[in-house]
1. How many of the residues making up segment 13-46 are part of a strand (DSSP E or B) and over 25 Å from Ile120 (Cα atoms)?
2. Please determine whether any residue of segment 59-69 is crowded, with 20+ Cβ neighbours inside 10 Å, modelled with pLDDT of 90 or more and outside any helix (DSSP H, G or I).
3. Of the numbered conditions (1) assigned to a helix (DSSP H, G or I); (2) within 14 Å of the chain's Cα centre (by Cα), Thr85 fails exactly one; give the number of that condition.
4. Of (1) exposed (fewer than 12 other Cβ atoms within 10 Å of the Cβ); (2) in contact with a Lys or Arg (Cβ under 7 Å, 6 or more places away or on another chain); (3) aromatic (Phe, Trp, Tyr), Trp40 satisfies all except one. Which?
5. Output yes when any residue across segment 91-101 is in a strand (DSSP E or B) and exposed (fewer than 15 other Cβ atoms within 10 Å of the Cβ), and no when none is.
Amino acid sequence: MQALWVFQTDVTPKPPASLGFGACVPVRPADNDGWQGYWWAENPAEAEFGENSPVLIRARDVDRAKRGECVDMFVPGLWGTPYITAYASWSPRRGYFVLYEGEVIPNYGIDGEWELFRPIRQLEILTPREFRKRLAAFEAEHV
């Protein structure tokens, strides 16, 4: 288990998390894996770089994807970071910074800073103002 920070617009998480918009190859329905209304797909753009972690697409987009059209792609969890400083340049007025305990899903990390994870429980929920205070205290401690 790992502690990871996530910014969300609502207190309740909304997995799966967005991965972007692009072409993909539908493989099979993901209903049996707990993702009702989604299909597993391969993302050929990632395969060019030697990585091809499966993505999720909405079942209603399968025919479009099979025709080669771009569709919304998702990942099976939430994006988070163990580094509070990753949000140093963020200053939203609304939303929540939530610290989760979660199980990291291998092979989905980005730049060694962002991890995909299955949320286990929320440890803390901070408003943007509370988060900025926590971040300032952290930065003052580590200077």
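The values are calculated or read from the model by the stated rules, or taken from the named source; none is laboratory data. Only a predicted model underlies this, so the values are computations on that prediction, with no experimental measurement involved. In this analysis, Cβ positions are derived from the backbone assuming ideal geometry, glycine residues included, and neighbour counts consider all displayed protein chains.
1. Going through segment 13-46 one residue at a time, the tally reaches 8.
2. For segment 59-69, residues crowded, with 20+ Cβ neighbours inside 10 Å, modelled with pLDDT of 90 or more and outside any helix (DSSP H, G or I): absent.
3. (2)
4. (1)
5. Yes: one or more hits.
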